Amino acid sequence: MSSLWRIREATEQDLSRILDIYNQGIADRIATLEEHPKTMEEMYQWFHQRSPRYAVLVAELEGEVQGWASLNPYSHRCAYAGVAEISVYIDRSWRGKGVGSRLLRALEEKAKENGFHKMILFTFPFNDLGQGLYRKLGFREVGVFRNQGKLDGRFVDVMAMEKCLLEEIE
Ligand SMILES: CC(C)(COP(=O)(O)OP(=O)(O)OC[C@H]1O[C@@H](n2cnc3c(N)ncnc32)[C@H](O)[C@@H]1OP(=O)(O)O)[C@@H](O)C(=O)NCCC(=O)NCCS
């Protein structure tokens, strides 16, 4: 992948591209149980209601954002303050070209910097690119929830995965 890519923290100006890319992932039915496109207002709230610890990163090529990734709260319980749930979404035209790998590596560094000891995620077992990305970056399958959620009226399985960021608790 070209070194012209830049990974940086997102700003409010990136929200319309973040929204477009997220809505592609929703429409494709491979990434999330969300069924309806998000609005700019929802993304604005999502961005501004998070504490700085829960970073949003974007991958930019020649001034255009082509992917984003975020650290999200996993639970409001204090005991889980060191656990971040993650999201990663790449523009359709750039999937399978290494952008997700680059973003997720940067997100991992950010998670360590921001004091998280673990990243977790929930994904569909049939999301082949997602599975490829997470396993390549060292995520471990925790297990599969059978018929966990509904997508377009049908039950779907959801896989939980994790990556510990502190060697001493591996
Ligand atoms: C899932 C997603 C984030 C992955 O990012 P990406 O940029 O496409 O992934 P990468 O190109 O970095 O590929 C990661 C690895 O997956 C593997 N891979 C590539 N193509 C694959 C395929 N068709 N099937 C299985 N694994 C594949 C490879 O090991 C690859 O690494 P390598 O090229 O260094 O060998 C991206 O495809 C995406 O946004 N998809 C739609 C939204 C989504 O599903 N988000 C995740 C929600 S859980």
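Of all residues in the stretch 120-141, those being more than 15 Å from Cys164 (Cα to Cα) and β-branched (Val, Ile, Thr) number 1.
In the stretch 115-158, the residue that is farthest from Arg95 (Cα to Cα) out of those that are among the polar types (S, T, N, Q) and surrounded by 15 or more Cβ atoms within 10 Å (Cβ to Cβ) is Gln148. Of all the listed residues (Val83, Val58), the sole one being within 19 Å of Met119 (Cβ to Cβ) and touching a Gly at 6+ places or on another chain (Cβ under 8 Å) is Val58. The residue that is farthest from the ligand (Cβ to nearest atom), among those in the stretch 53-92 that are aromatic (Phe, Trp, Tyr) and surrounded by 15 or more Cβ atoms within 10 Å (Cβ to Cβ), is Tyr54.
Taking first residues from the stretch 127-143 that are at negative phi and within 11 Å of the ligand (Cβ to nearest atom) and partners that are outside any loop (DSSP other than H, G, I, E, B) and acidic (Asp, Glu), the Cβ contacts under 7 Å between residues at least 6 apart in sequence or on separate chains come to Phe139/Glu162.
For the stretch 93-113, taking the residues that are touching a residue at least 12 places away in the same chain (Cβ under 8 Å) and more than 8 Å from the ligand (Cβ to nearest atom), the one that is nearest to Ala31 (Cα to Cα) is identified as Ser93.
Kindly provide the set of residues from the stretch 108-133 that are in a helix (DSSP H, G or I), within 18 Å of Tyr74 (Cα to Cα) and touching a strand residue (DSSP E or B) at 6+ places or on another chain (Cβ under 8 Å), ordered by number. Matches in the stretch 108-133: Glu108, Lys110, Ala111.
Are any of the residues in the stretch 7-23 part of a loop (DSSP other than H, G, I, E, B), more than 19 Å from Lys110 (Cβ to Cβ) and either under 14 Å from the mean Cα position of the chain (by Cα) or touching a residue at least 60 places away in the same chain (Cβ under 8 Å) (or both)? Among the residues of the stretch 7-23, not one is part of a loop (DSSP other than H, G, I, E, B), more than 19 Å from Lys110 (Cβ to Cβ) and either under 14 Å from the mean Cα position of the chain (by Cα) or touching a residue at least 60 places away in the same chain (Cβ under 8 Å) (or both), which makes the answer no.
Flag not set for Val88, criterion: more than 23 Å from Ala55 (Cβ to Cβ), in contact with a Ser or Thr (Cβ under 9 Å, 6 or more places away or on another chain) and at pLDDT 95 or above.
Against the list (1) farther than 19 Å from Met161 by Cα; (2) among the β-branched types (Val, Ile, Thr); (3) surrounded by 13 or more Cβ atoms within 10 Å (Cβ to Cβ), the condition Thr11 fails is (3).
The values are calculated or read from the model by the stated rules, or taken from the named source; none is laboratory data. All values derive from a computational prediction rather than experimental measurement. Glycine gets a Cβ as well: all are built from the backbone with ideal geometry, and neighbour counts include every protein chain shown.
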